[in-house]
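The values are calculated or read from the model by the stated rules, or taken from the named source; none is laboratory data. The shown structure was predicted, so the numbers you read here are calculated from the model rather than taken from an experiment. Here the Cβ positions follow ideal geometry from the backbone for every residue, glycine too, while neighbour counts run over all protein chains shown.
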Amino acid sequence: MEEPPWKKTKLSLERPYRDDDGNPIPALLDITADGQHVFEPKEDATAKVGDNLRRIFVERGIDYFDRKKGASGTAAGLDASTEENVAEDNEDNLQGPRRHMTTEELYKMRVELLPHLHVVLGEMTQARDLLSMLLATAGPSQAPSVTQLLSQSTLPSSQSAPPPPQNLTATVVSKPPPILSVRAFNAQLVVGGKDRTLRRAADLFRSAAENMEAGRTRSESYWLDALRIRRRNWGLVPAPLPPGSSAGKGADKTSKDFLVSFGLEEAPAVFRRRAIGRMPTLDTEQSRIEFPLRQNTRLRVSLKRTNEDGHEYMASNVISMMKETTLEESLRAAQIEVVEQEIFAALIKEAGSLPTATAHVSERSIVVKAAQGTDLVVQLVDSDSEQNAQISGTTVATCNFVAAAFRVLLLRVHSYLRSERIKRTGSIRTPSQPFIALPPPVLQPVIDLLQYEVFCDRVRAEFDRIVSALRQAGVPAKMHFEAMAGSGEEFLRLITDNRPKPVGGEARIRIDNRHTLRFTFISPSMLIAHLPQATLGIASLAQLSQLLADEVGAFLLKRICDIGTERCSGVSGAWFVDALSSRSVGKWDGCVLTFRVTFSEDSFLVCTATRLERARGQLEPTVETYTTKGYYDNTLVGWTTRVIDSALLKHPSPSIPHS
């Protein structure tokens, strides 16, 4: 912005120190009658020191330094008055600045001084009268001498004094004009004083003009910012009257200013009062809007998880900070902080009554034991605090989702409170039927989702263990696992509807393209098995593991029976599944062959084949075992076929009694 012309005016009235050639101008001391200038001579430091040393010997004697050396031995011979003065000076220096005199001390000093002042007054009055008498006489007579005047003043009062002489005349004496050098010096003083006065006046006018210009610019900016805030649909509320305003009856209580309210409509009063901004009326360089109750805190959501090997890791959400370069960004940043503080207050209120989790609450931290090996940590941190290094993966995305879900859940609470408030408008309730509005929770839906996530991970791990064992045994197996059934809109209803349905999923295991196991699960930890013979609710992972082992084992035993029936078609053998003992039994003349399928703790499939043959009149068992731990080059079907074929090649005994 270009300055106005009056600001560019320059006054150059300073005393010149150099001439046009750049040489220094010496100081002028005097101008002689013939117009010769006398300048101040340049002092030589060496000559000045010599003159000072010469003055020491001239003024204080040649033996001055000898007397100074012997002064220590003659200190006892100093004058007593000198010692007293030195002691008084030392006491004054030790005591520091003297105190003010009291009224009594001033009165005492006045009593002592008044007689002396009266004496001086009388002497001055007598001298004045004498001079007046002498100056009043006129005449050409000879002036009296001093002896005559003194003799006249000593005559007794009874004798009349002779008339004063008539030879005294009055002469008017005027001050002679100063010499030329003094007049030049006085002129320089006058010019310098006027220059200083003009400069001070110019500075005063410049300061006043700048203040007026800054006030005009600030006023224009004030209302332009107010219009921008109103155009962005930010709330404007009347500002309270300034301190000292008249509040009596008939006084003008109209607000002369406004405040910016950026809090949520249904927020508690403490947070609405905190969400107040004002436009500065004074010239401040900090910002275009002030937040007197801003706390500069942000909400950090972290997940602390423990792996199966005991290793712990922690991840937090990404806190996005605004630059606050514009008015809109400043209001948005302040609003986010107030909303997150309200979220933290709501979480503290709910943390003490969680039905499926435990929580530890402090002033600015909440730690919730959400699920096994998963802790939810919610903290209020400073806005300028450094963020920890984030771990790439789904954990950071989960933290970001939880932080965003908290805001949506808070808006759901506000929507519920607003709808209930509108319903109560105009309704009449009796005191015996009070209305208690229980808003939807904010923390419990997030805890349910975290527990459901851990639950699905553990269930899927069990399914993967069984499917992996079947695939290692060469049995075709497929698994379809869908943790969140439904569309994205249905999932959003979980955190937007006041009474949402629980989230659920489905899992299917297809074995050998013949048998299917179907499971459904509902948050937070409900699992249902849909079997051909029944529908069962599963309460624990141990029950799920046993159910999977039984169902898969039963299918494999049935598959072994089909293989045995096919291979023993020429010997009239009989194959069946014994459900009580969980084994597959094959019988033909001279041989009994049984198969049993189990799963080890290391997720390996184990199949045991027992063949009973009669030898020398006794039954001798032969046991063979198949496990996926050591038969990677062979399949369960191939091993079963080989065992049955080897049993068929044996020469059967005469007969084996049937049990």
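Cβ-Cβ under 9 Å, sequence separation 6+ or interchain: first residue in the stretch 492-505 and touching a residue at least 60 places away in the same chain (Cβ under 8 Å) and within 16 Å of residue 451 (Cα to Cα), partner surrounded by 11 or more Cβ atoms within 10 Å (Cβ to Cβ) and not hydroxyl-bearing (Ser, Thr, Tyr). Which pairs?
Matching pairs, first to second residue: 495/405; 495/408; 495/409; 495/412; 495/445; 495/446; 495/449.
Do we have any residue at all in the stretch 295-315 that's assigned to a loop (DSSP other than H, G, I, E, B), among the β-branched types (Val, Ile, Thr) and in the same structural domain as residue 275 (by TED's automatic domain parsing)? It would help to see each step written out before you state the result.
Keep residues of the stretch 295-315 that are assigned to a loop (DSSP other than H, G, I, E, B), which gives 295-296, 307-311.
Within this subset, residues satisfying the condition of being among the β-branched types (Val, Ile, Thr) are none.
Within the stretch 295-315 (the criterion being assigned to a loop (DSSP other than H, G, I, E, B), among the β-branched types (Val, Ile, Thr) and in the same structural domain as residue 275 (by TED's automatic domain parsing)), the answer is no, since none of the residues qualifies.
Hey, can you tell me all the residues within the stretch 537-561 that are over 19 Å from residue 467 (Cα atoms) and surrounded by fewer than 14 Cβ atoms within 10 Å (Cβ to Cβ)?
Matches in the stretch 537-561: 537, 539, 540.
Please tell me if residue 263 is modelled with pLDDT of 85 or more and assigned to a loop (DSSP other than H, G, I, E, B).
Yes, satisfied.
Under the condition of being among the hydroxyl-bearing types (Ser, Thr, Tyr) and in a helix (DSSP H, G or I), which residue from the stretch 462-505 is modelled with the highest pLDDT? Break it down into steps so the answer makes sense when it comes.
Step one: list which residues in the stretch 462-505 are among the hydroxyl-bearing types (Ser, Thr, Tyr), which gives 468, 487, 496.
Those still in the list that are in a helix (DSSP H, G or I) too: 468, 496.
Working: 468: 90, 496: 80.
Filtering the stretch 462-505 for residues that are among the hydroxyl-bearing types (Ser, Thr, Tyr) and in a helix (DSSP H, G or I), the one modelled with the highest pLDDT comes out as 468.
Picking from 244, 192, which residue would you name as being outside the structural domain of residue 339 (by TED's automatic domain parsing) and at positive phi?
Testing whether each residue is outside the structural domain of residue 339 (by TED's automatic domain parsing) and at positive phi leaves just 244.
From the list 454, 402, 459, 413, exactly one residue is over 41 Å from the mean Cα position of the chain (by Cα) and either modelled with pLDDT of 90 or more or in the same structural domain as residue 316 (by TED's automatic domain parsing) (or both). Which is it? I'd like the intermediate steps shown before the answer.
Values: 454 fails: over 41 Å from the mean Cα position of the chain (by Cα); 402 fails: over 41 Å from the mean Cα position of the chain (by Cα); 413 fails: over 41 Å from the mean Cα position of the chain (by Cα).
When all the criteria are applied, what remains is 459.
Enumerate the helices (runs of 4 or more DSSP H) found wholly within the stretch 1-103, keeping only those where 3 or more residues are at pLDDT 60 or above.
Details: elements: 45-60, 64-69, 80-95.
So the answer is 45-60, 64-69.
Residue-by-condition table, conditions (1) in contact with a strand residue (DSSP E or B) (Cβ under 9 Å, 6 or more places away or on another chain); (2) at positive phi; (3) surrounded by fewer than 16 Cβ atoms within 10 Å (Cβ to Cβ):
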| residue | (1), (2), (3) |
| --- | --- |
| 443 | yes, no, no |
| 453 | yes, no, no |
| 456 | yes, no, no |
| 495 | no, no, no |
| 512 | yes, yes, yes |
| 521 | yes, no, no |
| 527 | yes, no, no |
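Picking from 277, 310, which residue would you name as being surrounded by 20 or more Cβ atoms within 10 Å (Cβ to Cβ) and more than 25 Å from residue 446 (Cβ to Cβ)?
Just a single option satisfies the conditions, and that option is 277.
So which residues in the stretch 347-371 are within 30 Å of residue 261 (Cβ to Cβ), under 21 Å from the mean Cα position of the chain (by Cα) and of a type in the set (Gly, Ala, Ser), if there are any at all?
Hit for the stretch 347-371 is 365, nothing else.
Of the numbered conditions (1) under 30 Å from residue 29 (Cβ atoms); (2) exposed (fewer than 12 other Cβ atoms within 10 Å of the Cβ); (3) modelled with pLDDT of 90 or more, residue 201 satisfies every one except a single condition; which is it?
(1)
Which of the strands (runs of 3 or more DSSP E) found entirely inside the stretch 321-397 contain at least 3 residues meeting this: without any contact (Cβ under 8 Å) to a residue 40 or more places away in the chain? Show your work before the answer.
On the way: elements: 358-361, 365-371, 374-382.
Qualifying strands (runs of 3 or more DSSP E): 358-361, 365-371.
Counting only residues that are charged (D, E, K, R), within 18 Å of the chain's Cα centre (by Cα) and at pLDDT 90 or above, how many does the stretch 275-312 have?
Final tally of qualifying residues: 2.
Could you grab me the full set of residues in the stretch 335-357 that are at pLDDT below 90 and either touching a helix residue (DSSP H, G or I) at 6+ places or on another chain (Cβ under 9 Å) or among the hydroxyl-bearing types (Ser, Thr, Tyr) (or both)?
Within the stretch 335-357, 353, 354, 355, 356, 357 meet the criteria.
Give me the residue from the stretch 593-603 that is modelled with pLDDT of 85 or more and in contact with a Lys or Arg (Cβ under 7 Å, 6 or more places away or on another chain) and, out of that set, nearest to residue 463 (Cα to Cα).
So, considering only residues that are modelled with pLDDT of 85 or more and in contact with a Lys or Arg (Cβ under 7 Å, 6 or more places away or on another chain), the one nearest to residue 463 (Cα to Cα) is 596.
Of all residues in the stretch 328-384, which are buried (at least 17 other Cβ atoms within 10 Å of the Cβ), among the acidic types (Asp, Glu) and within 19 Å of residue 274 (Cα to Cα)?
Matches in the stretch 328-384: 337, 340, 342.
Regarding residue 236, is this residue of a type in the set (A, V, I, L, M, F, W, C), in contact with a Lys or Arg (Cβ under 9 Å, 6 or more places away or on another chain) and surrounded by 10 or more Cβ atoms within 10 Å (Cβ to Cβ)?
When the stated conditions are applied, residue 236 passes them.
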